[in-house]
1. What list of ³J(HN,Hα) couplings, whole Hz, do you get for the range 170-185 from phi and the Karplus terms 6.51, -1.76, 1.60, once you set θ to phi - 60° and write x for glycine and proline?
2. DSSP loop GluC sites (Glu not before Pro) in the range 182-260 with at most 14 other Cβ atoms within 10 Å of their Cβ, which ones?
3. Excluding His57 itself, what net charge comes from residues whose Cβ is under 10 Å from its Cβ, given Lys and Arg +1 and Asp and Glu -1?
4. Provide the per-residue ³J(HN,Hα) series for the range 310-316, in order, calculated from phi with Karplus coefficients 6.51, -1.76, 1.60 and θ = phi - 60°, each as a whole number of Hz, with x at glycine and proline positions.
5. If you keep only loop residues by DSSP, which chymotrypsin sites (Phe, Trp or Tyr not before Pro) in the range 133-188 have at most 12 other Cβ atoms within 10 Å of their Cβ?
6. From a point 7 Å beyond the Cα of Val317 in the direction of its Cβ, which residues of the range 202-224 have a backbone N at a distance under 20 Å?
7. Show which lysines lie in cross-link reach of Lys134 when reach means a straight Cα distance below 27 angstrom and same-chain residues fewer than eight apart are skipped.
8. Using only the heavy atoms of the protein chains and a 1.4 Å probe, how would Arg223, Arg38, Arg212, Arg96 rank by accessible area, largest first?
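The values are calculated or read from the model by the stated rules, or taken from the named source; none is laboratory data. These numbers come from a predicted model, not from an experiment. Glycine gets a Cβ as well: all are built from the backbone with ideal geometry, and neighbour counts include every protein chain shown. Surface accessibility is based on the protein's heavy atoms, side chains included, excluding ligands, DNA and RNA. Shrake-Rupley method; radii C 1.70, N 1.55, O 1.52, S 1.80 Å.
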Amino acid sequence: MLDILLKGVNIKGNILDVGIAQGEFVLLEPHIGVSAQRELDCRGWLAVPGLVDCHLHLDKSLLMERAHYVDVSGPEKGALTRAEKATFTEADIRARAEKVIKAGFAAGNLLIRTSVDVDPLVGTTGVKALLALKEKYAGLVNIQVAAFAQEGFEKYPASVDLLRQALDMGADLVGGHTIVDTDGRRHIDTILNLAREYGVEAEFHLDESGKREHYLLPYVTQRMKEMGLKGRVTGIHCCTLSALTPEERKEALDFMVKGSLKVISAPTAISTRNIAPVKELLAAGLLVGIGSDNVADFFNPIGSGDIKQAALLLAYVQRFFTFELVGQLWDMLTYRGAALLGYSGYDIALGQRADITLFEALNPRDVLARQASPALIIRGGQIHYRKNGDQWW
Ligand SMILES: [Zn+2]
């Protein structure tokens, strides 16, 4: 007797019945004749373990609930954010982040990595709040916490020790921002040294301005190789790639491939600059994911934290329109994104934990075009959400 039997599920283009017992996938066959406590007709709809949002800022999310957007420069928006940040409390961060996590769950975002600011303005309060939420939602939403040096070290040298505290508290990785200090190389070295010291991965908001004078990608790829961190560093944005000549870009891709640099595209950045050429990154064989980035804050007042929106935006901006290219987008939102985050066990396969998210759609194009929400979410063999049926928590 199975706990759950899903009839007619589209898994990577194959229509299969899925048998779940004791929290695991135990049968995956075209036709399963075994009885189950619950049997659901899935009508050939598309299923994945869950969607993956590789980058967002949960600690600074939803500031638009209490502040007004003003259309000013990036540095001015940074100043507005710092003023808000100085007022953050753990309860405040937790309440806003939790709202986004819950909304993301309903949208199918089940594996997420959030950057969390760590500096003298907010201390490690954000990390504390997000680690508590990570624990609270364990098994439902997998949350990775990156302790993030948003404000740099030149103005806030105490941030180095605070990052150490955050890593001691259990932050999953360390994050830097290559244009916030005048000496970007020194900033990069500080972050990579912490990554090596703690045995964690590093990520950088890398070349975010898109300007040639901020081009530090070659330095990052060089240092990660020298420091034995090949394949353990991710570049978020990498916008300057779009400002290079074809020859320079070819050289940059070569650096990235040799260092196994992982890349996260945050397509909403297109509102103020050109973004990295994702098709070229994929063609080079790099591990590329997509991130929502800012969620209803000064930098993106209409961000929602639904990763499907970022994917749709990228599809338009860089013309991911053919069946094959939409498939690549979907791969970034699912299997490739999970691989980028180093999440093992992300698969609908025999013996795996029964995590399945079913969209009322026949293929990825249909999900993205209609921005479809899941019809069913099963986590560890438990039904947590069924459209018009069970609610989650
Ligand atoms: Zn970001």
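1. With the stated coefficients, the range 170-185 comes to x, 4, 6, 7, 10, x, x, 9, 6, 10, 7, 10, 5, 9, x, 5 Hz.
2. none
3. Net charge around His57: -3.
4. So the J values, rounded to whole Hz, are 5, 5, 5, 4, 4, 4, 6.
5. none
6. Counting backbone N atoms under 20 Å from the label point, the list is 204-217.
7. Hits, sequence-local ones excluded: Lys60, Lys85, Lys99, Lys102, Lys262, Lys308, Lys387.
8. The residues order as Arg212, Arg38, Arg223, Arg96, largest area first.
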